[in-house]
Amino acid sequence: MEWGRSIRAFRKLKGYTQQEFAREIHISVSLLGEVERGIREPDEELLTRICDCLQVSKADMIQL
């Protein structure tokens, strides 16, 4: 599963810049960029933080 495209779409939908969102989920902007471009897959902990911050379920992420 490529999470990056879904993460980027939901992040933009919620009005976060990459910098703001990275700060909210306590990761670097470069790591967020790698995840969004599909270079890195988020681990389970990071994926949970992302979904919690964006207020979406993992199932919602998969459907996008």
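Just the accessible area per residue of the chain, please: how many Å² with a 1.4 Å probe? Intermediate results must be reported in sequence, preceding the final value.
Details: 4040 Å² over 64 residues.
For the chain, the solvent-accessible area averages 63 Å² per residue.
I'm spelling it out carefully: the read-out is log10 I(q)/I(0) by the Debye sum over Cα atoms at q = 0.19, 0.21, 0.23 Å⁻¹, the candidates are [x] -0.86, -0.91, -0.96; [y] -0.68, -0.82, -0.97; [z] -0.60, -0.75, -0.93, and one was derived from this structure. Which label?
So the structure-derived entry is [z].
Based on Cβ point charges of +1 for Lys and Arg and -1 for Asp and Glu, what charge dipole magnitude is obtained for the chain about its Cα centre, in debye rounded to the nearest 20? All intermediate terms of the calculation are to be shown ahead of the outcome.
Working: 10 positive and 11 negative charges, 61 e Å.
With Lys and Arg at +1 and Asp and Glu at -1, about 300 debye.
Which value at 222 nm does the chain reach when only helices count, each DSSP H run of 4 or more adding -39,500 (n - 2.57), with the total divided by all residues and rounded to the nearest 500 deg cm²/dmol? Before the final figure, lay out the partial values.
Numbers: 5 runs with 42 residues, N = 64.
-18000 deg cm²/dmol, from helical runs alone.
Which of the listed residues, G4, T17, V35, is farthest toward the dipole's positive end in the chain, when Lys, Arg count +1 and Asp, Glu count -1 at the beta-carbon?
T17
First compute the accessible area of the chain with a 1.4 Å probe, then give the percent of it belonging to carbon and sulfur atoms.
The computed percentage sits at 47.
Per residue of the range 35-44, in order, report the coupling 6.51 cos²θ - 1.76 cosθ + 1.60 (Karplus, θ = phi - 60°) as ³J(HN,Hα) in whole Hz, putting x for Gly and Pro.
The phi angles translate into 5, 5, 7, x, 6, 10, 8, x, 6, 4 Hz.
The values are calculated or read from the model by the stated rules, or taken from the named source; none is laboratory data. Please read these numbers as outputs of a predicted model, since none were measured by experiment. We place every Cβ from the backbone using ideal geometry, glycine too, and count neighbours over all the protein chains shown. Only protein heavy atoms, including side chains, enter the accessible area calculation; ligands, DNA and RNA are left aside. Shrake-Rupley method; radii C 1.70, N 1.55, O 1.52, S 1.80 Å.
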